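One structure is given here, and the rest of the page talks about it.
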Amino acid sequence: MLALIDHDLVVFRSAASAEKDGFGIAKYRAEQLLDTIMEKTKATEYRAFISSESNFRKDILPSYKANRTAPKPKHLKALQDYALEHMNAELARDGLEADDELAINQTDDTIIVSLDKDLLQVAGKHFSWEINGKNWTRPDTFVTQTELEGLRLFFEQCIKGDTADNIKGIKGLGNKKAKNLLGNCENAEEMFIIVQDLYADNERLIQNGSCLWMKRFLEDNWRDRFEQFQKQTGGESM
């Protein structure tokens, strides 16, 4: 099996953990984490992606991730360069994030490895490794996602927004209400109708959805998907 690894997170967390140490410690922790991922997923090979410097989402929503103002770990850039040169990491295609490359390359014979729950939009096998904080632990997690549940997660995100990426959803509707609104839907068309009614603004839904949507192939985009749902649900094409 092929592991598709979100190397943005591997290098960021490794660099952050070595903020008071030399680069050698950051490098060691990144290599150790990669070994752990391969052991736990039982993958025989991997592709590890680092996001490109440009990002198509910022062209759609200039405020995308603009809330991330904290200083970056001091070893981050050096560790990214090291990963590209010595850890067989790949730079995502121009304009794409590592997440997009993972989603595009997911098949029946791959497993997406990331801590980012957004990727659970994508059907197939997923693994998130154990992380520890002050007085809490999130254990290793394996998930096999279905197409329908992946779409449900996407539409929930459209409702509640994504504070981490600075995407504002429907005011007053958070995670619990989003789940309640969509929990009984038996297909994606039902979910689309509910979300579209809540927004009452197609362009804003397209804008947010375009930032939240994980591409399934290179030319995939939410605007085209939106128009398909419009037709399927009897709405007017834009």
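Within region 52-65, residues that are farther than 13 Å from ASN166 by Cβ and at pLDDT 95 or above reach partners that are crowded, with 17+ Cβ neighbours inside 10 Å and among the charged types (D, E, K, R) with beta carbons closer than 8 Å, at six or more positions or on different chains, in the pairs SER52/GLU97. Taking (1) of a type in the set (Val, Ile, Thr); (2) part of a loop (DSSP other than H, G, I, E, B); (3) in contact with a Gly (Cβ under 6 Å, 6 or more places away or on another chain) in turn, ILE170 satisfies each apart from (3). Under the condition of being of a type outside the set (Val, Ile, Thr), over 17 Å from MET38 (Cβ atoms) and open to solvent by 30 Å² or more (accessible area, probe 1.4 Å), the residues counted in region 106-122 number 4. Looking at LEU84, LEU102, LEU4 in this structure, which one is open to solvent by 40 Å² or more (accessible area, probe 1.4 Å) and in contact with a Leu (Cβ under 7 Å, 6 or more places away or on another chain)? Sole residue among the options that is open to solvent by 40 Å² or more (accessible area, probe 1.4 Å) and in contact with a Leu (Cβ under 7 Å, 6 or more places away or on another chain): LEU84. Scanning region 7-27 for residues that are open to solvent by 60 Å² or more (accessible area, probe 1.4 Å) and either in contact with a Leu (Cβ under 7 Å, 6 or more places away or on another chain) or under 16 Å from LYS40 (Cβ atoms) (or both) gives PHE12, ARG13, LYS27.
Of the numbered criteria (1) within 20 Å of the chain's Cα centre (by Cα); (2) surrounded by fewer than 21 Cβ atoms within 10 Å (Cβ to Cβ); (3) closer than 29 Å to PHE217 by Cβ, the one THR44 fails is (1).
Looking only at region 129-165, count how many residues are outside any helix (DSSP H, G or I), within 27 Å of THR69 (Cα to Cα) and among the charged types (D, E, K, R). Number of matching residues: 4. Does LEU148 count as open to solvent by 10 Å² or more (accessible area, probe 1.4 Å), under 21 Å from GLU219 (Cα atoms), at pLDDT 95 or above and touching a helix residue (DSSP H, G or I) at 6+ places or on another chain (Cβ under 9 Å)? Here the answer is no, as LEU148 does not meet what is asked.
In summary, LYS65 fulfils each of the numbered conditions (1) part of a helix (DSSP H, G or I); (2) under 20 Å from the mean Cα position of the chain (by Cα) with the single exception of condition (1).
A single member of LEU91, LEU76, LEU96 is under 14 Å from the mean Cα position of the chain (by Cα), under 24 Å from SER128 (Cα atoms), crowded, with 17+ Cβ neighbours inside 10 Å and modelled with pLDDT of 95 or more, and it is LEU96. Taking the conditions (1) closer than 23 Å to ASN166 by Cβ; (2) touching a residue at least 60 places away in the same chain (Cβ under 8 Å); (3) part of a loop (DSSP other than H, G, I, E, B) in turn, ALA70 satisfies each one other than (2). Taken as a whole, the condition of being open to solvent by less than 60 Å² (accessible area, probe 1.4 Å), in contact with a Phe, Trp or Tyr (Cβ under 9 Å, 6 or more places away or on another chain), of a type in the set (Val, Ile, Thr) and under 26 Å from ASN105 (Cβ atoms) applies to THR141. Residues in region 112-149 that are farther than 21 Å from ASP165 by Cβ, within 14 Å of the chain's Cα centre (by Cα) and among the aliphatic types (A, V, I, L, M): ALA123 alone. Scanning for something touching a strand residue (DSSP E or B) at 6+ places or on another chain (Cβ under 6 Å) and either closer than 22 Å to ASP116 by Cβ or modelled with pLDDT of 95 or more (or both), does region 213-234 turn up at least one residue? Within region 213-234 (the criterion being touching a strand residue (DSSP E or B) at 6+ places or on another chain (Cβ under 6 Å) and either closer than 22 Å to ASP116 by Cβ or modelled with pLDDT of 95 or more (or both)), the answer is no, since none of the residues qualifies.
Kindly provide the set of residues from region 12-53 that are in a helix (DSSP H, G or I), among the β-branched types (Val, Ile, Thr) and over 21 Å from PHE142 (Cα atoms), ordered by number. The one that is in a helix (DSSP H, G or I), among the β-branched types (Val, Ile, Thr) and over 21 Å from PHE142 (Cα atoms): ILE25.
The values are calculated or read from the model by the stated rules, or taken from the named source; none is laboratory data. Just so it is clear, the structure is predicted and the values come from calculations on it, not from any experiment. Note that each Cβ is placed from the backbone with ideal geometry, even for glycine, and that neighbours are counted across all protein chains shown. SASA here: full protein model, heavy atoms, side chains in, ligands and nucleic acids out. Shrake-Rupley method; radii C 1.70, N 1.55, O 1.52, S 1.80 Å.
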